[in-house]
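A.B. asks: Below is a structure I'd like to ask you about.
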Amino acid sequence: MQKYVYLFNEGNSGMRDVLGGKGANLAEMTKIGLPVPFGFTISTQACNAYYQAGKKIPSEVEKQTLASLARLEERMGKKLGDPKDPLLVSVRSGAVFSMPGMMDTILNLGMNDETVEAVATLTNNPRFAYDSYRRFIQMFSDVVLQVDVFYFEQFLEELREEKGYAADPELTAEDWQQVVAAYKEIVRKHTKKEFPQNPKDQLFLAINAVFDSWNNQRAIVYRRLNKIPDHLGTAVNVQSMVFGNMGNDCGTGVAFTRNPSTGEAVLYGEYLVNAQGEDVVAGIRTPQPIATLEDEMPEVYRQFTETCRQLEQHYNDMQDIEFTVERGKLFILQTRTGKRTAQAAIQIAVDMVEEGIIDKKTALLRVDPDQLNQLLHRRIDEKHERVLLTKGLPASPGAATGQVVFDADEAEQLSNKGKKVILVRPETTPDDIHGIVAAQAVVTSRGGMTSHAAVVARGMGKACICGCEALKIDLHGKKFSVGDTVIHYGDVLTIDGSTGEIMSGEIPMIEPELSDEFQLLLAWADQERKMGVRANADNPEDARKAFEFGAEGVGLCRTEHMFMDSKRIPIVQKMILAEDSEERMAALDQLLPMQQGDFEGIFEAMKGHPVTIRLLDPPLHEFLPDKEELIIDVTRLQLTEPDSPELHKKEQLLRKVRQLDEFNPMLGHRGCRLGMIHPEIYEMQAKAIFYAAAKMAEKGMNVNPEIMIPLVGHVNELKKMRQLVTVCGKRVQDETGIEINYTIGTMIEVPRAALTADQIAEEADFFSFGTNDLTQTTFGYSRDDAEGKFLQAYIEQKVLQENPFAVLDQEGVGKLVETGVQLGRKTNPQLKAGICGEHGGEKNSIEFCYKTGLDYVSCSPYRVPLARLAAAQATIKQNKAVYSTF
Ligand code: PEP
Ligand code: MG
């Protein structure tokens with residue numbers, strides 16, 4: 001018979017797949033003798049069996065659950081539902097990968113009309129007993145019975161008002177008793193049934209609900225964002241309760257063994273005295289920093305810091321620990337690998353190597369490449385004055401500017417319209433996740449550094465400020481005030497998540513730099529990786545930035561971008577509109593020195609590293625004005641200035657635009673097809689490259705231009721273009737007397753090129769896989785339309801797991817890449833191969849490129865650090881066949 005239920009002393013941290021992260025860690029902590037309240041874990045397989053049985057708990061799972069419950073009761077010396085000395089338990093979800101706050105939890109299970117009296121007598125604290133019971137009714141009703149918490153909150157609010165209380169601690173035992181009665185009435189009214197009194201019924205209903213919560217909306221969204229597979233299921237942890245709300249010698253808190261925001265090696269956390277479980281994370285009361293626990297409960301603090309040290313050493317990583325103090329006794333409720341900002345991830349990884357806790361390879365695997373762009377975010381330019389509105393807790397670093405919105409849906413709507421928004425809320429809940437995704441930053445007036453908003457924003461690398469109590473938020477009136485200042489919906493704010501400062505208006509920002517630790521980690525990455533990392537850079541400035549970020553060359557210089565400059569576009573247009581070759585040559589002669597200057601700048605920035613320059617790729621109409629706008633202009637001029645030269649010019653333009661108009665421009669006259677029909681354009685570009693190279697060589701600089709022909713589908717295209725470039729090269733070398741070290745290669749970006757790569761490689765010194773076009777042409781999806789039209793739905797309906805324009809489709813497009821490399825190297829063993837599509841800056845695609853034997857990846861300058869790390873991880877993973885820790 002399959003084992004579905006494990007007591008905490010039957011598992012260990014290696015059983016994450018079965019017990020979920022939380023269950024595995026509870027078992028591990030039990031094993032190493034930490035004070036963990038005892039319990040058992042119902043496995044993720046049980047969750048899957050539940051779904052397979054049509055959302056019913058299979059009888060075997062029920063049997064094993066009851067058997068484990070009996071063992072738990074034995075161990076605790078208490079029984080669930082015992083009217084004299086009842087066992088109370090918590091029922092919590094716990095997936096394989098942590099999904100904080102996304103699924104459901106129920107505390108104080110086992111409370112009913114009888115047991116509440118026993119708890120009141122045993123604790124000699126009826127106030128505590130009734131308060132616990134009402135919490136249970138509210139949580140259970142919300143999660144299991146689907147009664148909206150609003151009804152309970154509303155009643156409590158009215159009662160507080162009626163009695164003139166400012167906060168819950170003022171409520172007496174009698175008040176809570178009254179609340180319990182009213183809550184039961186609310187349940188009766190909304191469910192037409194009594195609140196369930198039988199604790200075993202409560203238990204199984206709760207287990208059902210936790211299994212169901214695996215598929216609630218927010219959990220699904222979270223999984224999609226974090227790429228967690230849907231089939232894993234969640235485990236359920238049933239654990240005996242300890243209480244942090246029995247009085248002032250009790251409390252509950254959350255702490256990280258190191259600062260999750262900066263990585264600093266100091267205990268970091270917060271707690272609330274006389275509070276229960278979720279109060280800290282829920283962000284309803286603003287907690288106290290952990291350091292003050294030392295004054296309030298010195299012995300507990302000492303024991304806690306020792307436990308933190310022990311747990312960090314045991315797991316060799318920064319831990320996020322939940323604890324409760326019940327009548328002066330410390331209990332550890334959970335430990336897990338702490339989520340952290342990129343800055344903290346790097347600092348902790350580097351520190352732990354220096355402290356001898358982990359080796360460099362492990363350190364490299366500890367930082368998620370996707371997180372690194374947080375560090376490449378802008379920050380506020382210190383030169384500009386900050387007119388401070390107010391300050392909150394610096395919950396997640398980075399700076400942002402945006403319009404204020406007060407709800408998650410609005411954040412999403414405005415952001416879809418291209419607006420930048422800052423989500424301002426009293427606190428956030430997991431239901432706000434789509435708003436947090438859409439916003440530039442989040443500000444809350446309540447809650448601490450471990451509140452939901454803070455944890456989620458840090459994970460996403462968004463700026464966040466929490467606990468900003470000076471904000472008086474009026475959600476209904478869509479405004480907030482700070483003192484006398486009122487900020488309305490749509491007003492612009494700037495926030496600095498690293499200092500907690502909130503400013504009105506927009507403040508200029510500056511580009512980020514790499515910290516010493518970051519540089520060190522990247523230097524370790526460079527020692528490990530076997531694949532080169534280059535950048536896609538189209539001008540000297542981008543090339544300089546790329547070089548600074550560690551690019552070892554330019555993998556793609558899109559020369560068309562050099563044509564887009566406002567001073568150059570009229571010349572480009574003249575070239576396109578030319579009626580004869582003389583006119584065209586004149587325009588090209590004007591363009592040549594401009595391109596040459598850019599190439600010189602790029603060569604200089606790359607200091608002798610190879611620079612791949614692609615000859616013109618886009619269809620010519622992209623350099624002309626929009627057809628519809630031209631029609632409007634021409635019509636207007638015909639009516640107002642029928643004889644003007646302006647009209648003549650516009651008519652001429654319109655004629656040309658119509659001539660160049662295509663049904664499918666992406667499959668039309670572009671790429672090397674331009675060079676075939678207008679060789680003079682490619683000749684001008686080739687000459688500009690050679691002149692620039694000659695000039696640099698003359699100055700004593702080592703230059704290695706790699707001239708790349710785009711969109712080749714047939715070897716004969718490349719043969720012709722190669723000849724064209726070679727002739728130009730010879731002419732310039734003869735003319736200048738300078739020998740230039742150059743190569744000629746092609747992009748592989750249509751399936752036919754990949755399939756006939758053996759033929760093409762005979763004419764090419766290198767291949768660069770243009771996976772943007774290759775994805776477009778392999779799927780037959782227009783890269784300009786698919787993402788806006790149907791791809792999202794495809795991903796939601798799981799037709800596709802990922803957006804193939806962002807993450808390389810290894811099974812399809814990837815197969816063509818593999819084929820291309822293998823066939824190419826068959827006829828040309830020296831063939832150099834790289835990738836320059838967007839996928840060159842995406843970690844999974846980079847790993848694939850390494851496995852496929854590519855020599856380098858090329859990506860935008862800001863992704864170069866990411867690519868360096870991802871390339872190192874690919875090497876380490878392949879060598880050690882270890883799995884990454886994120
Ligand atoms: C590609 O197609 O992958 C590529 C890099 O070229 P572009 O995006 O300019 O078409
Ligand atoms: Mg392309």
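A.B. asks: Using Stokes-Einstein with the Kirkwood hydrodynamic radius over Cα pairs, what translational diffusion coefficient do you get for the stretch 5-240 at 37 °C and a viscosity of 0.692 mPa s, in µm²/s rounded to a whole number?
C.D. replies: For the chosen part, D equals 177 µm²/s.
A.B. asks: Where does each of 133-146, 466-479, 197-210 land if you order them by average Cβ count within 10 Å, highest first?
C.D. replies: My ranking of the peptides, most packed first, is 133-146, 197-210, 466-479.
A.B. asks: Determine, from the Cβ-Cβ distance of D526 and T736 and an R0 of 45 Å, the FRET efficiency 1/(1 + (r/R0)^6), rounded to the nearest 0.05.
C.D. replies: 0.80
A.B. asks: From the phi of every residue in the stretch 214-225, what ³J(HN,Hα) in whole Hz does the Karplus formula 6.51 cos²θ - 1.76 cosθ + 1.60 yield, where θ is phi - 60° and glycine or proline is x?
C.D. replies: The phi angles translate into 4, 10, 6, 4, 5, 5, 5, 4, 4, 5, 5, 5 Hz.
A.B. asks: While we're looking at this one, here's another question. Cα convex hull of the stretch 450-608: how many Å³ per residue?
C.D. replies: 215
A.B. asks: Dipole of the stretch 621-661, Cα-centred, from +1 at each Lys and Arg C-beta and -1 at each Asp and Glu C-beta, to the nearest 20 debye?
C.D. replies: 160
A.B. asks: Using +1 at the C-beta of Lys and Arg and -1 at the C-beta of Asp and Glu, which of T771, A754, S415 has the Cα lying farthest in the positive direction of the dipole of the chain?
C.D. replies: A754
A.B. asks: A follow-up question, please. In whole Å, how far is the Cα centre of the stretch 689-739 from that of the stretch 753-786?
C.D. replies: Taking the Cα centre of the stretch 753-786 as reference, the centre of the stretch 689-739 is 23 Å away.
A.B. asks: Same structure again: By how many nm would the segment from E114 to K55 lengthen if fully extended, with 0.36 nm per residue of separation less the alpha-carbon distance?
C.D. replies: Length difference between fully extended and current span is 18.1 nm.
A.B. asks: If amide H atoms are built 1.01 Å from N in the plane of the peptide, which residues on other chains or at least 5 residues away come under 5 Å of the amide H of I748?
C.D. replies: Excluding prolines and chain starts, which carry no amide H, the hits are S768, F769, G770.
A.B. asks: Whole-Hz ³J(HN,Hα) for each residue in the stretch 612-626, computed from phi via Karplus 6.51 cos²θ - 1.76 cosθ + 1.60 with θ = phi - 60°, x for glycine and proline: what do you get?
C.D. replies: Per residue, the Karplus-derived 3J(HN,Hα) values read 8, 10, 9, 6, 3, 10, x, x, 5, 4, 5, 8, 9, x, 5 Hz.
A.B. asks: Largest first, please: the extent of the C-alpha atoms of the stretch 132-291 along each principal axis, to the nearest Å.
C.D. replies: Taking max minus min along each principal axis of the Cα atoms, the stretch 132-291 gives 49, 41, 27 Å.
A.B. asks: Then there is this: Using θ = phi - 60° and the Karplus curve 6.51 cos²θ - 1.76 cosθ + 1.60, what whole-Hz ³J(HN,Hα) does each residue of the stretch 50-56 get, with Gly and Pro shown as x?
C.D. replies: 4, 5, 5, 7, x, 6, 10
A.B. asks: Also, I was wondering about something else. How do the peptides 347-357, 830-840 rank, highest first, by the average count of neighbouring beta carbon atoms within 10 Å per residue?
C.D. replies: 830-840, 347-357
A.B. asks: Quick one: if you stick a label point 7 Å off each Cα along the C-beta vector at Q590 and I677, how many nm between them?
C.D. replies: 2.3
A.B. asks: Now for a separate question. How long is the gain from S581 to R302 if the chain were fully straight, where each residue apart is worth 0.36 nm and the alpha carbon distance is subtracted?
C.D. replies: 91.9 nm is the gain from fully extending S581 to R302.
A.B. asks: For the stretch 648-785, restrict the atom set to alpha-carbon positions and state the Rg and Dmax in Å.
C.D. replies: 17.4, 51
A.B. asks: Considering only the other residues whose Cβ falls under 9 Å of the Cβ of V353, what net charge follows from Lys and Arg at +1 and Asp and Glu at -1?
C.D. replies: So the environment of V353 carries a net charge of -3.
A.B. asks: Separate question: Between N879 and H231, what FRET efficiency follows from the Cβ-Cβ distance if R0 is 30 Å, with the result rounded to 0.05?
C.D. replies: 0.55
A.B. asks: Which residues in the stretch 766-805 place their backbone N less than 14 Å from a point set 7 Å from the Cα of Q830 along the Cα-to-Cβ direction?
C.D. replies: The answer is 766-767.
A.B. asks: Take D516 and E162, extend 7 Å from each Cα along the Cα→Cβ direction, and tell me the distance between the two endpoints in nm.
C.D. replies: About 6.4 nm separates the two model spin labels.
A.B. asks: A follow-up question, please. Restricting everything to alpha-carbon atoms, can you work out Rg to Rh for the stretch 251-340 with a Kirkwood hydrodynamic radius?
C.D. replies: 0.93
A.B. asks: Rank-order 90-99, 846-855 by packing density, defined as the average count of other C-beta atoms within 10 Å over each peptide's residues, highest first.
C.D. replies: Ranking, from highest mean packing down: 90-99, 846-855.
A.B. asks: Turning to a different aspect of this structure: If each DSSP helix of 4+ residues adds -39,500 (n - 2.57) and the sum is divided by the residues in the chain, what number results at 222 nm, nearest 500 deg cm²/dmol?
C.D. replies: Roughly -14000 deg cm²/dmol at 222 nm, from the helical runs in the chain.
A.B. asks: Still on this structure, please answer the following. At a temperature of 10 °C and a viscosity of 1.306 mPa s, determine how fast the chain diffuses translationally according to Stokes-Einstein, using the Kirkwood radius over alpha-carbon pairs as Rh; express D in µm²/s, rounded to the nearest whole number.
C.D. replies: It diffuses with D of about 51 µm²/s by this estimate.
A.B. asks: Would you mind estimating how fast the stretch 378-510 diffuses translationally, via Stokes-Einstein at 4 °C and 1.567 mPa s with the Kirkwood radius over Cα pairs, in µm²/s?
C.D. replies: It comes out at roughly 93 µm²/s.
A.B. asks: If you average 1/r over all unlike Cα pairs in the stretch 621-661 and invert the result, what Kirkwood radius do you get in angstrom?
C.D. replies: 10.1
A.B. asks: Let me see the pair-distance distribution of the stretch 8-101: every alpha carbon pair, 10 Å bin width, integer percents in order.
C.D. replies: Result, from short to long distances: 16, 42, 35, 7 percent.
A.B. asks: Measure of size requested: the Rg and Dmax of the stretch 335-449, with Cα atoms as the atom set and Å as the unit; please supply both.
C.D. replies: When restricted to Cα atoms, the stretch 335-449 yields Rg and Dmax of 17.1, 50 Å.
A.B. asks: Å³ per residue of the Cα convex hull, for the stretch 766-818?
C.D. replies: That works out to 72 Å³ per residue.
Values in this text are rule-based calculations from the coordinates and carry no lab data. In this text the structure is predicted, and so the values were computed from the model without any measurement. Note: ideal-geometry Cβ built from the backbone for every residue, glycine included; neighbour counts use all protein chains shown.
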